[in-house]
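A quick write-up on the structure given underneath.
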Amino acid sequence: MIKISIDLIMTVLLPISMAFILTGQTAHEWIGTAMFVMFITHNVLNFKWYRNLRKGKYTAFRIFQTVVNFSVFVCMIGLMISGIMMSRHAFAFLSISGGMSFARELHMLASYWGFICMSAHVGLHWNMMMMMMRKALRVTRPSVIRKVILQLISVLIAAYGVYSFIEHDITSYLFLRTKFISFKFEQFLVLFFADHLAMMGLCICIAYYTAKGMQRVSSRERRRLKK
């Protein structure tokens, strides 16, 4: 419960941290610091996963999960290093003055790749989250209608996510084709969050269904070897 709660809080804070020009520099720095503390806590609670990295067989799903997890780790470290270097509030007492250009580029790369990788990480744990939600809502019986409605909602969110991805020109930030983030100040904060939540939903769907496909292939392979 603690692990999933931390994941959920970080998921909520993720789109808020992306709106740093709209929420303000001070709030952005403290939100980022809180996320990093939760990230460290999450890794300490999941230390057993790191200990087991050398054990067992690496299926396609396990390789995918490991790559996503380490990508999140690298991005978070990059965010914290660059964030501390550029800090004007939370870490201002360190009085760091050099390397601002490098820090800005690193922060942009780590922010947008981290946004995608953290969303994918949530997608890999989506089944667990849905189970917790069903338990909280006391949903015990399967329903074809409910399943179809949820799948339709997922498709709509993913489609909106594709539109938002293109509209915000995210690929320019991912590959440093531009070194300055463009914000539409006339856009309502609610719409900004809706766009980023949709992009998160898109990444969650891609990771969830990719993992599901890999697990099905592995399951078929195991059944074939048993025959």
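The values are calculated or read from the model by the stated rules, or taken from the named source; none is laboratory data. From a predicted model like this one, the values you see are computed outputs, not experimental measurements. Note that we place each Cβ from the backbone using ideal geometry, even for glycine, and neighbour counts take in every protein chain shown. For accessibility, only protein heavy atoms count, side chains too; no ligands or nucleic acids. Shrake-Rupley method; radii C 1.70, N 1.55, O 1.52, S 1.80 Å.
Calculated mean residue ellipticity at 222 nm for the chain: -26500 deg cm²/dmol, from DSSP H runs with n ≥ 4 weighted as -39500 (n - 2.57), summed, divided by the residue count and rounded to 500.
Convex hull of alpha carbon positions in the stretch 1-136: directionally averaged projected area 9.6 nm². Label positions at F193 and M129, each projected 7 Å from the Cα along the C-beta direction, are separated by 1.6 nm.
Normalised by residue count, the stretch 84-130 yields a Cα convex hull volume of 86 Å³ per residue. Extension gain, I77-A136: 0.36 nm per intervening residue step, less the Cα-Cα distance, totals 17.8 nm. Distance between the modelled labels on S172 and Y209, one decimal in nanometres: 2.9 nm (7 Å Cα→Cβ projection). Take V72: with every protein chain present and a 1.4 Å probe, its accessible area is about 10 Å². Rolling a 1.4 Å probe over the heavy atoms of the protein chains gives the chain an accessible area of 63 Å² per residue. When restricted to Cα atoms, the chain yields an Rg and a Dmax of 19.3, 66 Å, respectively.
Couplings for the stretch 165-179, taken from phi via the Karplus curve 6.51 cos²θ - 1.76 cosθ + 1.60 with θ = phi - 60°, read 4, 6, 4, 8, 6, 4, 4, 5, 7, 5, 10, 6, 6, 9, 10 Hz in order; Gly and Pro are left as x.
Per-residue SASA remark: I40, around 70 Å² accessible (1.4 Å probe; ligands, DNA and RNA not included).
Could you calculate the FRET efficiency of S182 with Y58 from 1/(1 + (r/R0)^6), where r is the beta carbon distance between them and R0 is 35 Å, rounded to 0.05?
0.30
Among the protein heavy atoms of the chain, carbon and sulfur supply 69% of the accessible surface, probe 1.4 Å, non-protein parts ignored. Taking the Cα centre of the chain as reference, the dipole from Cβ charges on Lys and Arg (+1) and Asp and Glu (-1) amounts to some 1960 debye. Take every pair of alpha-carbon atoms less than 8 Å apart whose residues are at least six positions apart; their mean separation over the length of the stretch 91-201 yields a relative contact order of 42 percent. Across the chain, Cα pairs under 8 Å and at least six residues apart give a relative contact order of 26 percent. Pairs of Lys residues in the chain are counted when their Cα atoms are under 22 angstrom apart and they lie 8 or more places apart or on different chains; the count is 11. Just checking the listed ones, L22, L109, L150: in the Gaussian network model of the chain with Cα springs under 10 Å, the one fluctuating most is L150.
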